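FYI, it's all coordinate maths here, none of it is from the lab. Quick caveat, the model's predicted, so the values are computed rather than measured. Here the Cβ positions follow ideal geometry from the backbone for every residue, glycine too, while neighbour counts run over all protein chains shown.
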Amino acid sequence: MVKDELLKLLEENRGEILSGNDLKDALGVSRNAVWKAIQLLKEEGHHIESIKNKGYILLKESDVLSVSGLLQALGTSPTYRVEVLEEVPSTNTYLKESDGKKNNTLVFAKKQTKGRGRLGRSFFSEDPGGLYFSLLKIEDLPRYNPSYATIACALSVRDALSEVSGLSLSIKWVNDIYYEGKKLAGILTEGTLEMETGTLSSLILGIGINVNTGSFPKELEDIATSLFMETGRTYVRQEVARTVLFHLEKNLLLTKENPGALLAAYKKHLLYIGEAITFLYDKKLRMGILKDLTPEGHLLVESDGAYLTLHSGEISIRKGDRT
Ligand code: BTN
């Protein structure tokens with residue numbers, strides 16, 4: 001389609017003017033066809049300026065997710081296949097249902113109607129300014145330790161968001177990203193385990209980031225925030241995704257090569273160490289002091305004079321000693 005080819009050229013030359021003549025020659029179509037395709041892209045929300053007698057420019061700040069834009073943003077980093085869906089219940093579920101056919105595929109959704117969070121909770125993902133995506137990994141998995149993969153993902157999102165925004169962000173165990181008491185991003189890692197070895201045979205990393213989100217439903221107003229709300233500027237989400245994936249590749253390697261370094265970096269940003277927390281254990285709500293992160297990536301908590309190890313699969317923690 002002319003429109004897609006045109007967008008590819010514009011993305012490759014973001015921020016630069018491309019003349020109508022050059023575009024028509026490169027695409028092998030008439031000037032009028034170029035003009036029509038430009039109108040269609042504008043209707044989709046791309047910020048393209050037409051400059052009289054000069055040509056067209058895709059503005060640097062244009063923020064519409066597209067396959068060509070994402071491939072361009074991801075550059076030569078590991079070869080992912082990329083899909084962009086207008087709307088889907090959940091990108092994690094979409095990959096889960098792909099029967100393993102979408103290894104190394106990144107699926108982005110402009111909107112999720114049933115975004116899922118940890119412990120069966122929902123994740124608000126109806127705002128068009130958010131970034132909602134999942135990655136399926138099947139190859140090369142046997143050496144990933146399940147908790148390390150989750151930790152690598154949380155650290156990558158934290159580091160990437162700090163890098164692009166300049167905000168000092170924290171991680172609430174196991175993988176929520178927080179800024180000053182409000183949630184900025186959530187991660188849902190889902191995998192299948194080889195029972196004999198306890199290692200992963202497939203891994204889906206689902207990441208939801210409130211990037212340019214301008215408002216939340218009433219019930220989330222006091223507990224959620226976005227990069228836009230905290231910094232007063234908007235972000236090109238393709239760039240945010242690129243930064244997350246850059247950190248993710250690096251940290252997934254660490255899970256195999258140097259998990260100690262991964263855990264140390266993660267722990268530096270972990271909330272509530274040395275503080276009182278509330279958590280559900282053995283179906284009872286308990287209080288304790290968060291003592292440490294274990295070398296396996298679990299939480300060590302002192303409660304009623306005993307030490308307990310909390311595993312991420314079943315537990316959520318809260319600051320404080322009240323329910
Ligand atoms: C949480 O808050 O507990 C985790 C939220 C994870 C949300 C992301 S958005 C992309 C992917 N698809 C989903 O349904 N969930 C994850």
Practice item. Per residue of the stretch 64-73, in order, report the coupling 6.51 cos²θ - 1.76 cosθ + 1.60 (Karplus, θ = phi - 60°) as ³J(HN,Hα) in whole Hz, putting x for Gly and Pro. Key: 10, 6, 8, 4, 5, x, 5, 4, 5, 5
Study note, to complete from the structure: Rounded to the nearest 10, the angle in degrees between the Cα long axis of helix 31-43 and the longest principal axis of the Cα atoms of the chain comes to 30
**Study point:** Folded to 0 to 90 degrees: helix 2-12 orientation relative to the chain principal axis, Cα
**Key:** 70
Practice item. Would you mind computing Rg(Cα) / (2.2 N^0.38 Å) for the stretch 6-82, counting N as its residues? Key: 1.10
Point to revise | Cβ-based charge dipole, the chain, positive-most Cα from Leu95, Ile207, Thr197 | key: Ile207
**Study point:** Residues whose placed amide H lies under 5 Å from that of Val82, excluding near-sequence neighbours
**Key:** Leu106
Point to revise | Reachable lysines from Lys101, criterion Cα separation under 20 angstrom, eight or more residues apart if same chain | key: Lys137
**Study point:** Filter on Lys110/Lys283; Lys96/Lys256; Lys256/Lys283; Lys111/Lys256 - keep pairs with C-alpha separation over 32 Å
**Key:** Lys110/Lys283; Lys256/Lys283; Lys111/Lys256
Study note, to complete from the structure: For Lys284, counting only lysines whose alpha-carbon sits under 18 Å away and dropping same-chain residues fewer than eight positions off, the answer is Lys319
Review point. Counting Lys and Arg as +1 and Asp and Glu as -1, each charge on the Cβ, what is the dipole of the stretch 44-201 about the Cα centre in debye, to the nearest 20?
Key: 180
Review point. Convex hull over the Cα atoms of the chain, averaged projected area in nm²?
Key: 18.2
**Study point:** ³J(HN,Hα), Karplus 6.51/-1.76/1.60, whole Hz, each residue of the stretch 16-21, x for Gly, Pro
**Key:** 10, 7, 10, 6, x, 4
Point to revise | For the stretch 164-175, Karplus couplings with θ = phi - 60° (6.51, -1.76, 1.60), whole Hz, Gly/Pro x | key: 6, 9, x, 7, 8, 10, 10, 10, 9, 3, 9, 8
Revision key, fill the gap. GNM on the chain, Cα springs under 10 Å; top mean-square fluctuation among Glu83, Glu61, Glu126 goes to Glu61
Exercise for review: Return the tail of the calculated pair distribution for the stretch 1-143, meaning the percent of Cα-Cα pairs more than 17 Å apart.
Suggested key: 66
Check your understanding: Once the Cα atoms of helix 237-257 and of the chain are each reduced to a long axis, what angle between those two axes, in degrees from 0 to 90 to the nearest 10, is obtained?
Key -> 40
Practice item. Please report, in debye to the nearest 20, how large the charge dipole of the stretch 197-273 is about its Cα centre when each Lys and Arg carries +1 at its beta carbon and each Asp and Glu carries -1 there. Key: 260
**Study point:** Equivalent ellipsoid, the stretch 80-187 (semi-axes from 5 times Cα gyration tensor eigenvalues, Å)
**Key:** 22, 19, 13
Exercise for review: Quickly work out the Asn104-to-Asn53 label distance, labels modelled 7 Å from Cα along the C-beta direction, and quote it in nm with one decimal.
Suggested key: 4.9
Practice item. Quick one: which residues, 5 or more positions from Trp173 or on another chain, have an amide H under 5 Å from its amide H? H modelled 1.01 Å from N in the peptide plane, none for Pro or chain starts. Key: Leu271
Check your understanding: Where does each of 154-160, 259-265 land if you order them by average Cβ count within 10 Å, highest first?
Key -> 154-160, 259-265
Practice item. Taking the Cα centre of the stretch 1-80 as origin, sum charge times position over the Cβ atoms of Lys and Arg (+1) and Asp and Glu (-1), and report the length of that vector in debye to the nearest 20. Key: 280
Check your understanding: the stretch 127-254: D in µm²/s via Stokes-Einstein (Kirkwood Rh, Cα pairs, 4 °C, 1.567 mPa s)?
Key -> 86
Review point. Build a GNM of the chain with springs between Cα atoms under 10 Å: which of Asn210, Asn251, Asn145 gets the top mean-square fluctuation?
Key: Asn145
Check your understanding: For the chain, with the dipole built from +1 on Lys and Arg beta-carbon atoms and -1 on Asp and Glu ones, taken about the Cα centre, which of Leu227, Thr243, Thr79 lies farthest toward the positive end?
Key -> Leu227
